[in-house]
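Below is one structure, written out as structure tokens; comments come after it.
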Amino acid sequence: MSALLRVERLAKNYGGLQALRDVSFELRAGELVAVVGPNGAGKTTLLSIIAGAQPASSGSVSPPEQRIGWAPQQPALYAKLSVEENLRLFARLERIADVQGAVERMLAQAGLQPRAGEPVARLSGGNRQRVNVALGLIADPPVLALDEPSAALDPSQRERLWRFIATLLARGTAVLFSTHNVSEAQRYATRVLVLADGRLLFDGTPAALKGAAREGEGEDEGEGEDLERALVRFLHRHAPETREAGA
Amino acid sequence: MIALLRKDLLILSRSRLLVVLLVVYPAVIALLIGFAISRSPSRPRVAIVDETLPGETVRVGRERVEVRRYAEQVLSQVQAVSVATRAQAVAKVQSGSVLAAVVIPQGIAARLESDTVRARVEVIYNGNALEQSLVQSTINSDLAQADLRFAEQIEQAAASAIDGLLKGGTLSSLGAPENLIGLREIPATLARIAAAQPRGHTRKELERVKAFAGFAAQNLTLSKQVLATIAQPIGVSSTLLHGRRTPLNRFAVVVAVSVSLMFLAVLLAAGSVALEREEGALARLLRGLVTRAQLLAEKTLLAAGCAFVLALALLAGIGAFVALDWARAGLWVLALAFGALACGALGVAIGVIAREVRAASLLAFLASLPLAFLALVPAGAVSGGFDDAINAVSFVFPFKATLQALDAAVNGASPPMAGSLAHLAVLAFAFALLARVGLTRPE
């Protein structure tokens, strides 16, 4: 299966600070890939460069940003506009031929029809996040980048969000998401990317990450090991400087 | 860009309090400034103590002027409050019910007529430095006018007396004999008498007297001109170099409209740019949905358009009360459009720099208010270096250029409108460029 997203040797410098260093990976249709790592690892920078919200210092991303949907960590919505008006505005800006059709499709997919006329300012955090994701999907992109999509949600809202994302995966959309919630990555992601200090340290399944964490160590907690503990062990071995960062 | 513009207008229409503030606040500020400029200074209340005897007059030349009536005329720039005694006047000044008191002493008429003693009035005042300054300058101005009027009357009386001496006739007011010979006639009369005399000592003496009379007549004629010059040594002749003379109330209209235009354009542009960042939408928009230049152009057009409509409505509304030349309406539109664009560009630059709506609004407000006041400081009203600094600040911000363009459009005032429009176009470009550079900073 050919890659829907190809990231090659991506680097980003802020003055003397290297936020990303030679990051390369691919994403295929129907894949749900989690980007995990300690604070300051470069997760948000990576997703915002992929989405075209900021330029890379070097390296490349294909396809171009217009074909990648993006939902930033803080919902980027106009609070005074209704859900429907927000969707319509971005459908127009995306130059979608059938604006009304796209708006109705997203309202239905995100389960926001009952809230269509409500100002965003009055929505709960979970519903705002759904509108935020819906805006990223309005142009029906093959790839969706979500920056900590469940960070501000309660458990039931999180559950609803992942059900919504599952419908996208079933349609062949590739989803890349960053998260601090490693159990979420363990539960939903087909692959995990581990970033630390701007470097991509691991690219594989959650089970493979557990295996990599156990490599060379006597103790073996087997398949039952928690992915979070495995990630911490992995980071301590491959990025010891992250101990101080609290990973 | 149309979609963004429509979105911003929709958001604006739902922010009713903001709209009311954006329209009402600048309009009120503008009208206050306009009112302050166009209204003549209020007359300070001054107590007058007239200690002269009723009907006492002073003789100036041939005329006798009643002191009481003359005092009323002299103190025309104050709101006179008559009091009977000096003590009452002092009490009123101390209580603050009047800003000052003027005491016209008994015997002032005799002093005015005297050639050796100067007439004096007493001024009693109180209050803070500003009030003291107002009273002093008003009374000094009144007394200077009075001195001038006295000098004119004395000059007229003296000129009339000189005329009598030169022409002769009946000069009853001087107590002269009937049918007095005029000085100018004396040389010719003496010449005739001398011609009838035999050559000798008497004829020679007559010719000497004739030469003196001719010389005296010539110098007395000159002395009339000298008297006029002494009475008013400096005359004023006004020449307006460019444009038309602008009535103060029409200039006040221009100031009021320019202030409204600037406030609305700058505040709205700064706020709308900062709002995109605060809502988190800026990054989403700039990932290929709109270019930075399009976004800045949309915000500038939004702010400039709203400010233009408000300013034009304000100008037309005021036009119902102040006589404006409606034939120049095309020029108004041009001046308002350029001014609105330049102020909108300034607002956009502020919005990009400030990043937050509250900071942007505060910065826009803090920048606009002093700019308006600095632009209204008359040239040369402050010391040289400060004047240069004010001119430099006014030059690099669009308010003064907008004021000049609108003054030229409404009143035909100088400098010519084309220069101001070019200045505004350059400023609009410069601020747009500054905003564009500011928008490339990382989030």
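Where a number appears in this text, it was derived from the coordinates with a stated rule and is not lab data. Because the structure is a prediction, the values reported are computed rather than measured. Cβ: placed from backbone, ideal geometry, glycine included. Neighbour counts: every protein chain shown.
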*Label point distance in nm, B:GLN136-B:ALA191, each placed 7 Å from Cα along Cα→Cβ*: 6.1
*When Cβ neighbours within 10 Å are restricted to other protein chains, what is their mean count per residue of peptide B:282-294?*
5
*How large is the helix-only mean residue ellipticity at 222 nm for chain B, computed as the sum of -39500 (n - 2.57) over DSSP H runs with n ≥ 4, divided by its residue count, in deg cm²/dmol to the nearest 500?*
-23000 deg cm²/dmol
*Take B:CYS343, B:CYS306 and order them by how many other Cβ atoms sit within 10 Å, fewest up front.*
B:CYS306, B:CYS343
*What pairs from A:LYS12/A:LYS80; A:LYS43/A:LYS80; A:LYS12/B:LYS7 go past 32 Å between their alpha carbons?*
A:LYS12/A:LYS80; A:LYS12/B:LYS7
*Taking R0 as 35 Å, what's the FRET efficiency between B:GLN77 and B:ASN391 from their Cβ-Cβ distance, rounded to 0.05?*
0.60
*Estimated distance in nm for a label pair at B:THR85 and B:THR221, the labels positioned 7 Å out from Cα along Cα-to-Cβ*: 6.1
*Nearest 10 degrees, 0 to 90: what angle lies between the long axis of helix B:329-354 and the longest principal axis of chain B (Cα atoms)?*
60
*Counting only other chains, what is the mean number of Cβ atoms within 10 angstrom of the Cβ of each residue in peptide A:72-80?*
5
*asked:* Restricting to Cα pairs below 8 Å that are 6+ residues apart, what does the relative contact order work out to for the range B:171-222? Please round to a whole percent.
replied: 38
*For the charge dipole of the range B:171-222, defined by +1 on Lys and Arg C-beta atoms and -1 on Asp and Glu C-beta atoms about the Cα centroid, which residue among B:ALA213, B:GLY200, B:THR189 has the Cα displaced farthest towards the positive pole?*
B:GLY200
*Net charge over other residues, Cβ less than 14 angstrom from the Cβ of A:LEU153 (K, R count +1; D, E count -1)*: 0
*With labels modelled as points extended 7 Å from the Cα through the Cβ direction, what inter-label distance (nm, one decimal) is found for B:LEU17 paired with A:ARG237?*
5.9
_Which of rounded, prolate or oblate describes the range B:300-443 when judged by the alpha-carbon gyration tensor and an a/c cut-off of 1.5?_
oblate
*Reach of B:LYS210 by Cα under 19 Å, taken over lysines that are not fewer than 8 positions away in the same chain*: B:LYS167
*When a footprinting reagent is the concern and you count Cβ atoms within 10 Å, what order do B:ILE48, A:ILE96 take, fewest first?*
A:ILE96, B:ILE48
*Report the relative contact order of chain B, percent, no decimals, based on alpha-carbon pairs under 8 angstrom and at least 6 residues apart.*
16
*Other chains near A:130-136: what is the mean number of their Cβ atoms within 10 Å of each residue's Cβ?*
1
*What size of dipole, in debye to the nearest 20, comes out for the protein assembly as shown about its Cα centre when the only charges are +1 on Lys and Arg C-beta atoms and -1 on Asp and Glu C-beta atoms?*
1960
*asked:* Using +1 at the C-beta of Lys and Arg and -1 at the C-beta of Asp and Glu, which of A:SER82, A:GLN186, A:GLY52 has the Cα lying farthest in the positive direction of the dipole of chain A?
replied: A:SER82
_Local electrostatic count, B:ALA191, Cβ distance below 14 Å [Lys/Arg +1, Asp/Glu -1]_ = +3
_Within a Gaussian network of chain B (alpha carbon springs, distance under 10 Å), most fluctuating of B:GLU72, B:GLU298, B:GLU356_ = B:GLU72
_Charge dipole (the protein assembly as shown, unit charges on Cβ, about Cα centre) - positive-most of B:PRO105, B:ALA354, A:PRO114_ = B:PRO105
*What does the helix-only formula give at 222 nm for chain A: each DSSP H stretch with n ≥ 4 adding -39500 (n - 2.57), the total divided by the residues, and the result rounded to the nearest 500 deg cm²/dmol?*
-10500 deg cm²/dmol
_Quick check on the exposure proxy: order B:HIS201, A:HIS238 from fewest to most C-beta atoms within 10 angstrom._
B:HIS201, A:HIS238
_Compute, for chain A, the length of the dipole vector about the Cα centre, with Cβ point charges of +1 (Lys, Arg) and -1 (Asp, Glu) only. Units Debye, rounded to 20._
760
_Relative contact order of chain A, defined on C-alpha pairs under 8 angstrom at six or more residues apart (%)_ = 26
*So, by mean Cβ neighbours within 10 angstrom, what's the order for B:404-410, B:429-435 with the highest one leading?*
B:404-410, B:429-435
*Could you work out which residue, out of B:LYS400, B:LYS299, B:LYS224, moves most in a Gaussian network model of chain B, that is, has the largest mean-square fluctuation with Cα springs under 10 Å?*
B:LYS224
*How large is the charge dipole for chain B, taken about the Cα centre, if only the Cβ atoms of Lys, Arg (+1) and Asp, Glu (-1) carry charge, to the nearest 20 debye?*
680
